Every structure is written in structure tokens, then in C-alpha cells.
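Peer 1: For reference, the structure I am asking about is given below.
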């Protein structure tokens, strides 16, 4: 089972430095008993619910007053807030709007009072940007080294500040900023212009950046960089670009006969591009180039492994084996893993076993490859020089709380190993973490529904905590219903055995209700939600999936129409509505795949069309464990394994016995039976 799971240091005046020291120690996390004493001595007593609500009302009224520029009212409201955790947000907002007036003393005071915090770093960045935009270079030089804010634009401003105040050695540090495979911020343009005019840009540096841009598929940048080269080097860059777009041009071997590092790079890149279009043609031309050119050994090896991978993926196993015979030892773990899976797909157990033994020794100890080693030994009926028997491998794996451990337990007829050791933070630790200023702000922002800012404050509150303190933070997050953060804290603390915190019964009423109205077991529903979002109600994926069950708006709308349910885009961030829609969609997938959780989980992640295609390609005759292991998409493969394992764990959490593979899937290693009508 896969476990899914800029420090600010401004200071000028002596008093400011003292403030910084105290602020940083609290913001980074209490690592000593002394820090605990400091925090406990200044921690405010918890306000009553009515007092807290009054403070919240005053806080929001102050925000409105500031937006409406009623400054007298704003100041009066801020003065009444007392120790309200979010008062610094008001101070930041009011000061931010006046940065153009350069209130240096107030800025330093704010940054000193909020050193090491999210708002302190945010003010530092915006203050530096203000100084740079107004060309206050001397001030910028003074402040930048004290702010450990590492970003390209601020570094470019700093070098500009040095150069513009007479320090020409600043230009010696420009190359590392210019020589990257992506475009840099506009703030760097004046610096780069001077650097180039002064003759610091060489063909060697330009070629390096051109190669990086090509590798990152930033072709427009590669064209820009080529324009900065000498005429001779520009011709090679143009050829590089041509081969990238039209790798079949490598057929004209005469054009690529020159022996040089640049030409070697062009040929190797072209072969890798060519193999994606026509692996057999690429192999033919690779053999000729390999005979004519002396490529660096490491580059040659990587290219051959790339060839083998794509040849094998396209089904040209014989050609791939020929390359391997000529190329010597395989070093790519990814390629060897692919060879193992290819052997499993054809149930060639000898080849699978031999391929597993090609893996690095450390990788062979991975639960995945130990399981498949045991399966191969069992099928072949042979002894292993390193392991007494397949049964002993299974027995060892069955002691682990993992996908392969659960499969092994099934094969042996053993109970699943479900070690559960809840954390038990001390009251002192809990109070200490709860009263960290950043944690108080995180909690209050969470209660106000300002989740983005709450997450930022959580990051600053926890980034310096030791493992014991992280466990306390995780316990607090669970008490607050902030399940994703409780899970995250367990991961960061490297503590895997508290199943209550790692697998919370979040939104239990909604989950049970959704299960009761569908054919989806609550344990399966929980496993999907845990894998999809770790119970973050406002989660959004790069692809646009939203909410606890990570539904695409189009999928949610279609599902709602099928069941006659009213639908709004905003339903997706409403936990109850999202669970209802997600459970109905999952129910439809289970119906489509005859109640098979393996196929339904794969379809939830990759789409039902792809699952049907994979089933057709395997003719539905593979054992379940092999079918899962050979799912073409690595993401879906891990997804299905996690969901099945999480279902077992959620069975334990809900007092049920849930097998890793149920009746619809068949226990152990039975054949995959159907998937779609």
C-alpha cells in the first residue's frame, strides 16, 4: 500500500532583533522546555463562546470599515479586539495599503512582531517589491539579506540593487538565474540585458539553457536562446530544434556525421523522439549512429534503455531483447519493473522471476517484488537461493498492513495484520501546540471558513515541530474535524499505526446515508474518499475535480441528471451533496461492472472506457492480482491497490471484516471474470 498519505529574520534595531528572537522561536515550534514556558506564560485563556463570537463580529466589521476607508471606525474596532488571534491580519491589511508611502518604521515593527509567521513573510515580500519598484536600491540591499525569501524575482532585484549602487561583481551571479529551462520573471529582464551587453553570455551557457528548454518542451524559449548564440552554434541549435520536431530527419546520416558533444546530444535526443513515433525505424538508425559515434557511456545506456522500454511497450519483444543482449546490464529500475509486469501479463513466471532478480538488491526487498517473487517460486516449483520458500515470504508479508500483506494473508488463510496504536499526546504537548500563535490563527481561520489562509498558517505552525509535537498537532486537527491535516501530521511524523487519525470516520452520518441509498458499502465509500481527498471538502485537482469525492463538474452534473437530483456547481464543495453525488456515481460504476470493486475503483480513477479497453486487451483471463499489477497507468494501479487496502482498514474501523477481494472479485488469485455487459 502506498503511504499517501522562508524563515523570516528581519532586524535592524536592537529591540527589533530581540523581538525577532522571541517571535522566531515561537513560530518555528517549541523544541525545548524553555520555549514551552515562554508560550504558556503568555498564552491567553480561552475566551467564552459569546466573547469569541463578539470578537469575530468586530473583526469582520473592522474588515468592512477598512474596505470602506472608514479609518476611525477601523481603529476603534481593532482596539477592542484584545488578544483575538486574527488581529495581525487587520494590521497587515491596513499597513499594506500604505506601503507606497514607505512607512519603514511601521513595517519593521510589524515584521518584528510577526517574525517567522506567514504574515511576516508576506509583508517582507511586498515591502521588498515596493522598494524595488520605486528603485530604492540602498534600502533593498539592507533588507533583502535579512529575509530568507528565495524567489527568482527577489534575487534579480537584489542583484540589480547591487549593480545599480556600483557593485559590478553582482553580474558574476547572474548566470545561475539566466541558465534555466523556463522563462524568468519580468523583474529579471533589465539585469539580463546588462549581463548580456557586458559579454557574460557565452555559447556554452547559451547551449546549456537551450538544452534545458528543449528538455522541458519549452520550444519558444529555445528559439529565443538560439538567437543569442554565435552563427556557428546557432546552426547546431537550429538542427536540434529541427530534429526535435522532425526526428525522421535522422535518416540522413551525412547531416549528423560531425563528431562533437553538441552533435551527440542532438542525435541522442532525436533517437528518443523518433522511438516514440516508430520504434523499429529508430532502432535501425540508432544502430548505425552507435557504430559511427562514440557517445558518453551513461548517455548511451539511457538511450538504449529508452529504446528497450518503447520497443517492449509496442510489443516488439524480440527487438528489445536484442538491444539488451548488445547493451549489457540494465540499470533502470523503471525498465526492469516494466519487464516484470510484461512477464506477468503473459504469465511467463520464469521471465518474471529472472527480471525481479535483476532489480537492485534494496528494491528486491520491496513488498511488491517480494510478493511476486513468492508467486513465481510457487508457480515454478523451484528453490530460491535467498528465500527458503514462497510460503515463508507470504508469512512475512502477511504481518504487514499493506495491499500485498493482505493478499498474502488471504493466500495463507491468515487473519489480516491490523496494528493499531493510537497516539496519546500529553496535556502539556496539546496545550503547547494549541497555543502557538500560528496554530490559534489557523484554528480561527478554519472556523471562519477561510481554508486557504488556515492551511498557510498550519504550515508555518508545524514546520519546526518535532515528531512528538506533530503527533499532538495531528490529534488537535482531528478534534477540530480537520481530517486532512491530522492525516498529514501522521505522515510528517512518520507514524503509521494510529488508524483513528490516519483513517478517520469523517462525515459518518452522511457516509452511512449515502451507502443506505445505494449498493455501495460504507467501507468502500470511505476508501474512495480517503484516497481521493483525505477528506478535504474544498479539495480541487489540477484536472478540475472537486470536493471529498473529487468529482469533475461534468460527471457530477451527468450523475445528478440520471438520479433526478438538483445540481449546482457549488454542491461539489458541500460535503453532504458531494458524498451523495460521489456515491451515486460509484454505484453506477459498480452496476456497470457487476459489483466488482476492483474494476469500479479503476473506472472511478481512469474512466470506465479505459477499463473496458484494458479488459478487452487481457481477454478477461488474468488472475486478479496480475490484472491489478499490470494496469497500464501507474496512478490507477496504485489507486486500486490503495482503495482495496483502505477498505480492509475501514472495515476494521467500523467493526466489520472486509476482505481485500470480496465475493464479486474472488478471493486469492482467482481469474478475473467479467467486467462489462
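Rule-based calculations on the coordinates, nothing more; no lab input. Predicted model, so just to flag it, every value in this text is computed and none were measured. So basically every Cβ, Gly included, is an ideal-geometry build from the backbone, and we count neighbours across all protein chains shown.
Peer 1: For region 346-471, what relative contact order do you get, as a whole percent, if you take Cα pairs closer than 8 Å and at least 6 residues apart?
Peer 2: Working: 109 pairs, mean separation 17.2, N = 126.
Answer for region 346-471 is 14 percent.
Peer 1: Can I ask one more? Take each of the peptides 51-62, 528-539, average the number of other beta-carbon atoms within 10 Å over its residues, and list them starting from the highest.
Peer 2: Most protected by this proxy first, the peptides run 528-539, 51-62.
Peer 1: Hey, another quick one. Per the helix-only calculation at 222 nm, which mean residue ellipticity applies to the chain, given -39500 (n - 2.57) for every DSSP H run of n ≥ 4 and division by its residues, nearest 500 deg cm²/dmol? Don't skip to the end; give the middle numbers.
Peer 2: Numbers: 38 runs with 430 residues, N = 677.
That calculation yields -19500 deg cm²/dmol at 222 nm.
Peer 1: Region 199-276 to region 517-553: how many Å between their Cα centroids?
Peer 2: That distance is 45 Å.
Peer 1: Most exposed first by the Cβ proxy, i.e. fewest other Cβ within 10 Å, how do 72, 523, 202, 555 rank? Before the final figure, lay out the partial values.
Peer 2: Values: 72 8, 523 22, 202 14, 555 18.
The most exposed by this proxy come first: 72, 202, 555, 523.
Peer 1: Which whole-number percentage describes the relative contact order of region 61-125, with Cα contacts under 8 Å and a sequence gap of 6 or more? Walk me through the numbers on the way to the answer.
Peer 2: Values: 34 pairs, mean separation 15.1, N = 65.
Value for region 61-125: 23 percent.
Peer 1: What's the center-to-center distance, using Cα atoms, between region 346-403 and region 109-187 in Å?
Peer 2: Taking the Cα centre of each part, region 346-403 and region 109-187 sit 54 Å apart.
Peer 1: Report the full-extension gain for the segment residue 200 to residue 260: residue separation times 0.36 nm, less the Cα-Cα distance, to one decimal in nm.
Peer 2: On the way: separation 60, 0.36 × 60 = 21.60 nm, distance 2.37 nm.
Contour length minus the Cα-Cα distance gives 19.2 nm.
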